[in-house]
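As structure tokens, the structure follows; a few thoughts come after it.
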Amino acid sequence: MTLPFRKKTITNDATQYTLFWFLLVVLIQVSAVNAGEHLKMIKLSSLGAFETQFSKIEKVNKMKGQNLIGDVSYMPGKNFSVRLPFDTQQVNYLVTNGSQVKQGQKVAMVEGYDVHHFIESYNSSKALLEIQAHHFQRNKLYFEKKTIRSSQWLEIAENYYEAKLKFEHLQHQMSFLHIAQNEQVSLISPINGVIQIPTPASSKLSGELSFDVINKDALKVQISMPLMLASSISHFEVNPTCNLEVNYIENIADRFHQRLWASPTSTHCQLTLGQSITVTPIRHVNGFKVAKSAIFEYENKDYIALKVNDALSLVPIHLLGTNEANYIFTTKEHIESKHALISSVSILQGSLLNLGTD
């Protein structure tokens, strides 16, 4: 009969032990909260005879970020490609890579057996189309009057449209050529823009890229930014007279980064295709700024001390960055236009540490 009594005694002891530790934890937490509440307000007189200067808290809606590297390029698909319509033995470029050209300007002279063979093919295709067109129109009347069979008309129509399609294809390729009186053949630019010659410039086979032309308005600065910051960018600064506006943010991430495209807001930037430049991101923020001397750390948190009559109110903050002699930060408290302590802050911090020790 003694075993049940023994078990009940042990159970009661365990319950009392658990309750004791639970109450102890609650008391410690309450003490910590009371200590925190006590530290929110500090009398100015606690600083003794030390000098106390204050600075007004200012609202901030933009801040500078860390410098990034931007590459002057163009968005995919914005280049106008000119390809060789024939095999060549020699391509002699008349302009330098990256130079400005106008529509119709000669870019390169081409030489080779297939060059003149292409011109002959174009002329013969043009003559054949004229014959086929005349034959088509004449027999169209006969077909409408039902004086020729449908099978005959179908063959005539197929020959005409085949000749027309072939000529239009050659005519499109001829639009990129200039033929001089001495039969010298040159490739010309289809639009105004910047020439980009492939490297190495050894294209000699039909269908290979001879050069690209990029419209000057299509030149953009490509910038890779951390994912968390891309959506908050206002614009970029290159120098005091050159700013870049954000045109497009790609919705595909490259691990921890996202690519942005930006363009100059004025003609003062003077960007060159392929150039790498240093840009300073300007971010949208909803924060405040104050002199760096106003910030102090206590119990692994950052604080500022605001003047409230004859006392100091301690406000926890979250630092965002720096702006010259100021820190930029956010806080949950309403502090706009209030004044923060900027002198004898270390004295205040030391006083708080002593209070914590006590």
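Sparsely packed loop sites in the range 33-140 (the trypsin sites (Lys or Arg not before Pro) outside DSSP H, G, I, E and B with at most 10 other Cβ atoms within 10 Å) comprise Lys102. Across the chain, Cα-Cα distances exceeding 25 Å account for 74% of all pairs.
With a length cut of 24 Å (Cα positions projected on each helix's long axis) and a Kyte-Doolittle mean of at least 0.0, go through the chain and give me the DSSP H helices that pass. For the chain, where a helix must reach 24 Å along its axis and average at least 0.0, the hits are 2-39. Using only alpha-carbon positions in the range 178-236, the gyration tensor eigenvalues give semi-axes of 39, 15, 7 Å once each is multiplied by 5 and square-rooted (largest first). For the range 40-107, applying the loop criterion from DSSP together with a ceiling of 14 other beta carbons within 10 Å to the chymotrypsin sites (Phe, Trp or Tyr not before Pro) yields Phe50. For the chain, the longest piece that avoids every one of the GluC sites (Glu not before Pro) found in DSSP loops with at most 14 other C-beta atoms within 10 Å covers 52-182. Note on the range 270-318: Rg/Rh from C-alpha atoms, Kirkwood Rh, equals 1.31. A cut-off under 15 angstrom between Cβ atoms defines the neighbours of Leu128, and their net charge, with Lys, Arg +1 and Asp, Glu -1, is -2.
Per residue, the convex hull around the alpha carbon atoms of the range 185-304 comes to 191 Å³. Oblate is the label for the range 84-142. Its Cα gyration tensor axes, ordered a ≥ b ≥ c, give a/c of at least 1.5 and b/c at or above a/b.
Its alpha carbons give the range 267-353 an Rg and a Dmax of 18.0, 62 Å. Within the range 27-162, the percentage of alpha carbon pairs spaced more than 24 angstrom apart rounds to 74%. When the square roots of the Cα gyration tensor eigenvalues are ordered a ≥ b ≥ c, the ratio a/c for the range 128-229 is 1.5 or more and a/b exceeds b/c, which makes its shape prolate.
Near Ser189: Cβ cut-off under 11 Å, other residues only, Lys/Arg at +1 and Asp/Glu at -1. The net charge is +1. For a modelled paramagnetic label at Ala180, 7 Å from Cα along Cα-to-Cβ, the residues of the range 109-131 in reach, with backbone nitrogen under 13 Å, are 109-111.
Qualifying chymotrypsin sites (Phe, Trp or Tyr not before Pro) in the range 211-308, where qualification requires a DSSP coil assignment and no more than 10 other C-beta atoms within 10 Å, comprise Phe256.
Each Lys or Arg adds one and each Asp or Glu subtracts one; over the other residues with Cβ under 12 Å from the Cβ of Ser55, this totals +4. Helices in the chain, meaning DSSP H runs of at least 4 residues, each add -39500 (n - 2.57). Divided by all residues, the mean residue ellipticity at 222 nm is -11000 deg cm²/dmol.
Every number in this text was worked out from the coordinates using simple rules, so none of it is lab data. Everything numeric in this text was worked out from a predicted model, so none of it was measured. All Cβ positions, even for glycine, are placed from backbone atoms using ideal geometry, and neighbour counts span all protein chains on display.
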